Number of protein chains: 2
Amino acid sequence: MSNEGRVPHKVVVVGAGFGGLQLIHDLKHPGVSITLVDRRNHHLFQPLLYQVATTVLATSEIAWPIRHLFRDRDEVETLLAEVVGVDRHARIVKLKNGASLPYDTLVLATGSRHAYFGHDDWEAHAPGLKTLEDATTIRRRVLIAFERAELEPDPEIRQTLLTFVVIGAGATGVELAGMIAELAHHTLPREFRKIDTRKSRILLIEGGPRVLPAFSPTLSDYAKQALQDLGVEVLVNSQVTDTGAEGLKIGDTTIASRTIIWAAGVQASPAARWLDAKADRAGRVVVQPNLTVPGDEDIFVIGDTAMVEQDGKAVPGLAPAAKQQGAYVAKVIRRRLEGKPAPAAFKYRHQGNLATIGRRAAIIEYGKFRLRGSLAWWLWGIAHIYFLIGTRSRFAVAWSWLWIYLSGLQSARLITQRETMRED
Amino acid sequence: MSNEGRVPHKVVVVGAGFGGLQLIHDLKHPGVSITLVDRRNHHLFQPLLYQVATTVLATSEIAWPIRHLFRDRDEVETLLAEVVGVDRHARIVKLKNGASLPYDTLVLATGSRHAYFGHDDWEAHAPGLKTLEDATTIRRRVLIAFERAELEPDPEIRQTLLTFVVIGAGATGVELAGMIAELAHHTLPREFRKIDTRKSRILLIEGGPRVLPAFSPTLSDYAKQALQDLGVEVLVNSQVTDTGAEGLKIGDTTIASRTIIWAAGVQASPAARWLDAKADRAGRVVVQPNLTVPGDEDIFVIGDTAMVEQDGKAVPGLAPAAKQQGAYVAKVIRRRLEGKPAPAAFKYRHQGNLATIGRRAAIIEYGKFRLRGSLAWWLWGIAHIYFLIGTRSRFAVAWSWLWIYLSGLQSARLITQRETMRED
């Protein structure tokens, strides 16, 4: 009631990822009005995006209309629009359609895209995985490769079409390779007449010495073995030096493949450029311990597009880190509005690492606690369903997983957005 | 065993719609090898396509990979390829990639597309609904119209953006209009801050004197009233004379709208052209009473792309008609292989008409039996779930429907395949 008649404090949040949503969720204060801007109409549950790419889940099972999430918060306004810049002096966010949004506090939570480390031309042959469109593109390419192999009379070209390469053995790369192997070895064999999909080669290529470097060496070893049991060839210490329509190169070795997927690196959004602020090599804005931009206490940067160190290491670009940062910034803003002293510097609490290998195994690491195999898969599944939004999605995803767990059949195998197969 | 060593009889089926699938399902004979050609990798359950367009169902809930359906039939081969012609003399089907398929018996079940009766330029402004891509295009246009209205300062343009027009009041048109009304009136109102989505205008325009002309006048009247109760304006005896980016014309009247959907007519596939056979005005091949092309007993045409009369009326372009024709042709081929006399001429048994209006009402007509309202909706739902393929889909669709029935929330509201909203 004390705020009656006052002009509300305008918070503009750019980006409806995990960080932005958590911030808005926690920032309930009568003196605030919030505008959430995103160029997509949906929030995406990125940890499961690889399952859309590998025909396990449908797009609508892991994406929710942003405005639906805040329908009951009258002070929250959602805009489907693209940000092109920030004028720190005038305190406005500039939109692509020419409009501008004034702010009292600005939060940039604009995430990252996959990056090719100076080889942007590789994207055409080795698409990455960050959006729903990326996922349907990869799905289409993988499925069309099998279709073209079935029609191909030349056995050499056929084998090239049946060679799938995933570059980068972080969680996404491991998960993609595992599910493509399941597809080739369990879902598809009965369906083709001329090719044996079990003869597909699935390669996982990693520049470093082991897969899943965020995990302990024991679990890395387990994951590598589990991948090999699924039929994935794992190549570590292998730096990709070129990719093209016909395959890729690792030094002097050429691997012929028509389906290459990039899971090797990310680049932050252009937030640093908008702010004219200092960025690290990955393009992340180097922020203060309270997540503000140096020299501007009213602009926060969080999530994958922020670089903050803790104990000499960068806080990782994971969903839980983004959510913790969103919650922290909500607290800072609330305290400022209430005239209370600022909270202590942001502190990241690591919640452990999880990754799945194929459709029945996973690894979990939480401090000293380590788990692997089937039980880990069930825990992984329950945790992810818990973090999904709403009863409808939880139920739908649980059903899809139970189905694939029991039947081994990946069902969302649609080739869309193209009239027919490319005939080249 | 009597067929051991014999060259199997080659049946080529073009089109994996209801007719083609039923034919293959019924054509189990040891002396046959079947090649199924489709330019899509999925069979589509078209009667529910409007629910994808109106954000009720996900694409993968009503589409199945074709090869999966016949995985256990070793004599059935599936080709993802586009047919461009038939050489009746050489007895081959010509594919776009230059290859050709020899046949002993050919079945063309290539369906229909929406048609604009000589106004092909209307398609850009008034998309029709026949494929999954059509459905996601319509979904995107409808959702973006609301988003653009929210950003639009000019109240007149805003109302234009909130005006949705469906042309054609057959089952698809009625179902689209009803679900768009549900979206505007029940799902979206709480989510927008500047516009009131309940003030949207949804118009259903019909050239003839009543909606759902395939039903009896009593049920037509009920459907019209139910649509009006949902907030749909129904205009009968109204011939659209022009459509464009800004709206459409009915004689001298202009209706300003940015979202127009075409549900007014269909045109058969080019099968008649491939065969150089006689076609009716809608492009359908005029077939013999046994569904063969005149002068060629080895070529059958079935489903939406065939024209066969019964009691002086054309058999309608409905899923049950296509399935009955597929079953009939399977029987003819089986009898020929067994040296038995041909069955009597194809006879269509009408299985009644069903249509839904919004999310809780439907009408059913089966001979003298007529039902309307909520109970009809439940029967409609049960019937459709029964006709879906596989436990997984039945369960997923039932869950989606139960959810929307109870909550009123349409969930598959994703804008995809475009980086951001068109800003023009």
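The values are calculated or read from the model by the stated rules, or taken from the named source; none is laboratory data. Everything numeric here is computed off the predicted structure, so don't read it as measured data. Cβ atoms come from the backbone with ideal geometry, glycine included; neighbour counts cover every protein chain shown. Areas reflect the complete protein model, heavy atoms only, side chains present, ligands, DNA and RNA absent. Shrake-Rupley method; radii C 1.70, N 1.55, O 1.52, S 1.80 Å.
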Using the Karplus curve 6.51 cos²θ - 1.76 cosθ + 1.60 with θ = phi - 60°, work out ³J(HN,Hα) for each residue of the range B:304-313 in order, rounded to whole Hz, and write x for Gly and Pro.
4, 9, 10, 10, 9, 9, 8, 6, x, 10
Rounded tilt (10° steps) of B:132-151 against the dominant C-alpha axis of chain B:
10 degrees
Can you list, shortest first in nanometers, how far A:ASP276 lies from the same residue in the other copies, with each label 7 Å from Cα toward Cβ?
7.4
Setting aside same-chain residues fewer than 8 positions from B:LYS331, which lysines have a Cα under 30 Å from its Cα?
A:LYS194, B:LYS10, B:LYS28, B:LYS94, B:LYS130, B:LYS278, B:LYS313, B:LYS323, B:LYS340, B:LYS347
Tell me which of B:ILE167, B:ALA279, B:GLN225 sits at the most positive position along the dipole axis of chain B, charges placed on C-beta atoms (Lys, Arg +1; Asp, Glu -1).
B:GLN225
Mind listing the label-point distances from A:GLY408 to the same position on all other copies, shortest first, one decimal in nm, points 7 Å along Cα→Cβ?
4.7
Kindly identify chain B as rounded, prolate or oblate by the Cα gyration tensor criterion: order the square roots of the eigenvalues as a ≥ b ≥ c, call it rounded if a/c is under 1.5, otherwise compare a/b with b/c, prolate if a/b is larger, else oblate.
prolate
Result for interface chain B to chain A, accessible surface buried in total, 1.4 Å probe, Å² to 100, stands at 5700 Å²
Return the long-range amide H neighbours of B:ARG284 (sequence gap of 5 or more, or a different chain), with a cut-off of under 5 Å between placed amide H atoms.
B:ALA268
Find how many whole Å separate the alpha carbon centroid of the range B:259-304 from the alpha carbon centroid of the range A:37-66.
41 Å
So, with +1 on the Cβ of K and R and -1 on the Cβ of D and E, and no other charges, what is the size of the charge dipole of the protein assembly as shown about its Cα centre, to the nearest 20 debye?
1900 debye
Across peptide B:59-70, what mean number of C-beta atoms from other chains lies inside 10 Å of a residue's C-beta?
6
Dividing the helical contributions, -39500 (n - 2.57) per DSSP H run of n ≥ 4, by the residues of the protein assembly as shown yields a 222 nm value, nearest 500 deg cm²/dmol, of -9000 deg cm²/dmol
Using the Cα atoms of the protein assembly as shown to build a convex hull, what is its mean projected area in square nanometres?
38.9 nm²
Cα-Cα separations in the range B:120-264 greater than 17 Å, expressed as whole percent
59 percent
Taking amide hydrogens as modeled 1.01 Å from N in the peptide plane, which residues meet the under 5 Å criterion relative to A:LYS10, leaving out close sequence neighbours?
A:SER33, A:ASP104, A:THR105
Net charge of Cβ neighbours under 14 Å - reference B:VAL308; Lys, Arg +1; Asp, Glu -1:
+1
What part of the accessible area of chain B, given as a whole %, is carbon or sulfur when the probe is 1.4 angstrom?
52 percent
Residue by residue through the range B:338-346, the couplings from Karplus 6.51 cos²θ - 1.76 cosθ + 1.60 with θ = phi - 60°, in Hz, x for Gly and Pro, are 8, x, 8, x, 5, x, 5, 3, 4
Give me, ordered by chain and number, the residues 5 or more places off A:ALA355 or on other chains with an amide H under 5 Å from its own placed amide H.
A:ILE363
Given GluC sites (Glu not before Pro), DSSP loops and at most 14 other Cβ atoms within 10 Å, the longest exposed-site-free stretch of chain B is B:5-245
Roughly speaking, what % of Cα-Cα pairs in the range B:60-163 are separated by over 23 Å, rounded to a whole number?
57 percent
If labels are modelled 7 Å from Cα along the Cβ direction, A:ALA383 lies from its partners in the other copies at nm distances, smallest first, of 4.8
Note the angle between two axes, namely the Cα long axis of helix B:171-182 and the longest principal axis of the Cα atoms of chain B, as a number of degrees from 0 to 90, rounded to the nearest 10.
30 degrees
Only Lys, Arg, Asp and Glu count, each charged at its Cβ (+1, +1, -1, -1), so figure out the dipole size of the range A:119-198 about its Cα centre, rounded to 20 debye.
340 debye
List the residues of the range B:102-141 that lose 10 Å² or more of accessible area once all protein chains are present, compared with their chain alone (1.4 Å probe, heavy atoms only, no ligands or nucleic acids).
B:LEU132, B:GLU133, B:THR136
Using θ = phi - 60° and the Karplus curve 6.51 cos²θ - 1.76 cosθ + 1.60, what whole-Hz ³J(HN,Hα) does each residue of the range A:90-98 get, with Gly and Pro shown as x?
7, 6, 9, 9, 9, 9, 5, 7, x
Angle check, please: helix A:319-337 long axis (alpha carbons) against the longest principal axis of chain A (alpha carbons), in degrees 0 to 90, nearest 10.
10 degrees
Roughly how big is the range A:275-405's charge dipole about its Cα centre, with Cβ charges of +1 (Lys, Arg) and -1 (Asp, Glu), in debye to the nearest 20?
640 debye
For the rotation taking chain B to chain A, which residue of B has the Cβ nearest the axis, and how many Å away is it?
B:ALA58, 2
Selection from B:GLY128, B:TYR103, B:GLY118 lying farthest towards where the dipole of the range B:99-140 points positive, charges on Cβ:
B:GLY128
